[in-house]
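Novice: Sharing a structure with you now.
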Amino acid sequence: MIPIYVEKGIGYLWNSEHWYILRTQHRICSAFVGSVPSFPRQNDFLGLPIALSSEETALLVEKRICELHEMPAEFCKYEPTEKDKELMEEFLKKVLEQQASALKKRKIEQLSQKIDIIVAGKKKNLINKGMSDANIDKDAMLEEEIKRIQDLDPDHTLVQLPQEMYRNIETSPVGLDVLRPNILEGDGAIKYSIFKDLWEKGYYVTSGSKFGCDYLIYPGDPVQFHASHMVRCVCNQENVFHPKSLVAFGRLSVAVNKYAVFAYRTQCARIAYQTLQWHDSMDS
Amino acid sequence: MTTLQSENCQTNDLNDLFPMSIESLRFPLDNSIQIIFTGYYNGYNVEVRSPEEITLLYHMGCFGKGSASRSRPALVNSDRYPEIIRKRQYLQRNNWYKKFGDSGCTLVSSTLLKELDELTAKIVSDGEKLKKKDIIDLVSSDEEFSHDDVDTENAVNQSFSTSEKDEITVVIPNSDSEEENYFAALKPQCCVNKIKMQEKLILTPEEAFFLAYGLGSLQVVYNNNILDLEQCWTLLCSNDRHFVDRYVVYHYFRSKGYVVKPGIKFGGDFLLYKDGPGIRHADYIIVIKSDTKQDDLITILGHVRVATTTVKEILLVEVLKPNGVTSKLPESLHLYHVKEVLLTRNIPMTINNDD
């Protein structure tokens, strides 16, 4: 079971493998909200952690793919103890050693490949200086070169910034009622049932706020496809539509080349859909 | 011009669009004499019928919309040249003539409203029949003309007389299929126009009341009575419960010097033009905040997105009512306040790249 950590009503995930599983196997595309350590000072590409919308979180919990955890309250005021500092130093030293040994191994490999060229070069040098027939031992040459490799300077190493908490923390399980906006009652419940219905039909469903609708439907992974439908949820069926909001919705769908769909819950608690389409011409 | 429009946007010169010879006008243009136009209320909006009034009203302030044109009324001087219409329009007029009898009617609006009722009845009955089907076509299937109309057209061709009362029109084939040889195969026919389509200027209720109350240059006629301001106000308020808010906003922006036109085609309430529709594109889309329904972020984002794709900005307008005033008195209009919020969409990447 993949854990989702809830804070202030929003679920977060830090583990990159879990994110990959959620996206490829379970069709949940969440939103990246963190900064990418190797790509700082820009807002176009964000990184882990991902923030899941309440509908996505509720769906994953219902389908028993994830479970919700809450961090302990004292976690916010975390201050490292001496033991923690020691552990961290050990960790960093280990990382440095591993990098140094890997680098040395790579350099030895490179030298072994090029040793013939080096020997030939040295021989030419000696011939030029007039000393011929000097036997140059290939292996001794290699040993000499290897000794000349410098040790890795700590300043030139890569430091890993762990995304996920690398220690075990006591977390407490929580229910769906902590999620904000609320999906258990009112408009949130209707929107959630529409989300679930669309997900069960096999689509990828993401937020549509930048298009003025509630959800965007993709026939495949959003990375490969454009959205095919924009869905607006009608929660209150008593309210009358302003003609101008209908026109705006229809006009927008034409401008961005998607189907404009209204989704609502019928009396028998099933979800029904209505597409709004621009009629091309008056005569057929 | 808003910040979004580039300065290379083509504009039309006002004088080229409205050429007018002053001698043809029958109204005196002396400043001391006020011109009073006449509008006829038909239950939905106010019609202005005389061609001179139509020209003047549209020229001075872009009021109204031509009933047979896309926006600007295109008045045809029928004394000199015959009207040129397409075949489907000609068949449609013959259809109307057959349906509504030999009235030779010049008031096509009443027949149009009757057609509208018939159309809605047909859609409802169609909807009940085709309940199983997925698509309900809002365009009536009545559009397909029966082929016996073609015979009547031939009959009419043979029997037209050149009396002055009959209007002769030139009928040309439909240009739906974009064939290359449209002009080569063009065979214009002279036929008798059975129904005179007199173009009227349609004023929305807000425009009409502004002309009557704000400018004092329109009198509204309903049921053959000339209405005074209070009666006019009551009548217009009774038909549309949002009329007060809409009128306050219309009056407010007209007073600022904008040309205010209906904005339904962009999903808003009004459009603001600096000079007029034919001259430059609209700058702002007005969306009036509803006092009954709370505006949610998604709808507003939708409006902003439409505005972005059409290079306009959204003005969210709220009308503040004074306490304890009924909507019956037009005199207390000055107590209403209008609050504006300008919404634009700025994409950081485009802004940063422009540097």
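None of the figures in this text is laboratory data; all of them are computed from the coordinates on show. All figures in this text were calculated on a predicted structure; none of them were measured in a lab. Quick reminder, even Gly has a Cβ in these numbers, built from the backbone with ideal geometry, and neighbours come from all protein chains shown.
Novice: Between A:Leu46, A:Leu246, A:Leu142, which gets the highest mean-square fluctuation from a Gaussian network model of chain A, Cα cutoff 10 Å?
Specialist: A:Leu142
Novice: Extending each Cα 7 Å along its Cβ direction at A:Ser16 and A:Ala140, get the distance between those two points in nm, one decimal.
Specialist: Result for the modelled spin labels: 4.8 nm.
Novice: I've got another one for you. Name the chymotrypsin sites (Phe, Trp or Tyr not before Pro) in the range A:38-85 that are in a loop by DSSP and that have at most 12 other C-beta atoms within 10 Å, would you?
Specialist: Answer by residue number: A:Phe45, A:Tyr78.
Novice: How many percent of Cα pairs in the range A:82-156 exceed 19 Å?
Specialist: 55
Novice: Length gain on complete extension for the stretch A:Ser38 to A:Lys147, per 0.36 nm per residue less the alpha carbon to alpha carbon distance?
Specialist: 35.9 nm
Novice: Per 10 Å bin, what is the whole-percent P(r) computed from every C-alpha pair distance within chain A?
Specialist: It works out to 5, 18, 21, 16, 12, 10, 8, 5, 3, 1, 0, in whole percents.
Novice: Same structure, new question: Normalised by the number of residues in chain A, what is the relative contact order in percent for Cα pairs under 8 Å and 6+ residues apart?
Specialist: 16
Novice: Taking every DSSP beta bridge that has both residues in chain A, what percent is antiparallel when rounded to the nearest 5?
Specialist: The antiparallel fraction comes to roughly 70 percent.
Novice: Loop only by DSSP, 14 or fewer other Cβ within 10 Å of the Cβ. Give me the chymotrypsin sites (Phe, Trp or Tyr not before Pro) in the range A:154-201 that pass, ordered by residue number.
Specialist: A:Tyr166
Novice: What's the FRET efficiency of A:Leu184 with B:Ser255 using the Cβ-Cβ distance as r and R₀ = 35 Å, to the nearest 0.05?
Specialist: 0.10
Novice: Here's a follow-up. In the structure shown, do any of A:Lys123/A:Lys147; B:Lys65/B:Lys293; A:Lys8/A:Lys258; A:Lys8/A:Lys85; B:Lys99/B:Lys122; A:Lys244/B:Lys261 have a Cα-Cα gap over 24 Å, and if so which?
Specialist: Listed pairs above 24 Å: B:Lys65/B:Lys293; A:Lys8/A:Lys258; A:Lys8/A:Lys85.
Novice: Say we join alpha carbon atoms closer than 10 Å with springs in a Gaussian network model of chain A; which of A:Thr171, A:Thr206, A:Thr81 then has the biggest fluctuation?
Specialist: Between A:Thr171, A:Thr206, A:Thr81, it is A:Thr81 that shows the largest mean-square fluctuation.
Novice: Next question. Please compute the modelled spin-label separation between B:Ser125 and B:Lys289, points set 7 Å along Cα→Cβ, answer in nm with one decimal.
Specialist: 4.8
Novice: Using just the helices of chain A, give the 222 nm mean residue ellipticity in deg cm²/dmol: DSSP H runs with n ≥ 4 each add -39,500 (n - 2.57), and the total is spread over all residues, rounded to 500.
Specialist: -12500 deg cm²/dmol
Novice: Right, here's the next one. Go ahead and run the numbers for FRET between A:Tyr259 and B:Asp296, Cβ-Cβ distance against an R0 of 30 Å, rounding to 0.05.
Specialist: Efficiency at R0 = 30 Å is approximately 0.90.
Novice: Let me ask something additional. Using a Förster radius of 30 Å, what is the FRET efficiency between A:Gln274 and B:Lys114 based on their Cβ-Cβ separation? Nearest 0.05, please.
Specialist: E between A:Gln274 and B:Lys114, to the nearest 0.05, is 0.50.
Novice: Hey, another quick one. At 7 Å along Cα-to-Cβ for each site, give me the label-to-label distance between B:Leu186 and A:Ser172 in nm.
Specialist: 8.4
Novice: Out of all DSSP beta bridges with both ends in the range A:185-284, state the antiparallel percent to the nearest 5.
Specialist: 70
Novice: Moving on to the next point. B:Glu83's amide H: which non-local residues (gap 5+, or another chain) put their own amide H closer than 5 Å, with H modeled 1.01 Å from N in plane and none for Pro or chain starts?
Specialist: HN-HN under 5 Å from B:Glu83: B:Val170.
Novice: Residues with beta-carbon under 15 Å from that of A:Ser35, excluding A:Ser35: net charge, scoring Lys, Arg +1 and Asp, Glu -1?
Specialist: 0
Novice: Something else about it: Along the charge dipole of the range A:1-144, Cβ charges K/R +1 and D/E -1, which of A:Met88, A:Pro49, A:Gln99 sits furthest on the positive end?
Specialist: A:Gln99
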